[in-house]
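Scroll down for the structure; my scribbles are underneath it.
The values are calculated or read from the model by the stated rules, or taken from the named source; none is laboratory data. Computed from a prediction, not measured in an experiment: that's the story for all the values here. The area values use the complete protein model at the heavy-atom level, side chains included, leaving out ligands, DNA and RNA. Shrake-Rupley method; radii C 1.70, N 1.55, O 1.52, S 1.80 Å.
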Amino acid sequence: MRNASELDQLSSDNVKRVEVVRNPGARYDATVKAVVRIYTRKSQGEGFGFDNRFSTYYKYGWMVLDQFNFNYRKDKFDLGECCMDRIRAEGTTRRGD
């Protein structure tokens, strides 16, 4: 995993299995105590794809999260990108402001 957005883009439908390695060995730094390996299903088809996630939540004021995931797949080439925007709704204040 290169960054947290990769995990956020992963749909549970695409997870084949999850493995927890409690003693990862010399392949990792000595400070690493455990590794979670997520095996995914092979994606079907070629071409462009995207999905959009939109959510709102309230914690010290209303927040809006809008996320677009883009993907292009051709043969064994697979390129994906995530664009995310968090917006604090106007007129809300943090507790104690």
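Reachable lysines from Lys74, Cα under 19 Å, same-chain residues fewer than 8 places away excluded?
Result set, ordered by chain and number: Lys42.
Mind checking which aspartates and glutamates have their C-alpha under 20 Å from Lys59, skipping anything on the same chain fewer than 8 residues away?
Asp85, Glu90, Asp97
Tell me, how many Å apart are the Cα centres for the stretch 10-38 and for the stretch 48-76?
Cα centroid of the stretch 10-38 versus Cα centroid of the stretch 48-76: 25 Å apart.
For the stretch 8-64, with all protein chains present and a 1.4 Å probe, just round the carbon and sulfur fraction of the accessible area to a whole percent.
52 percent
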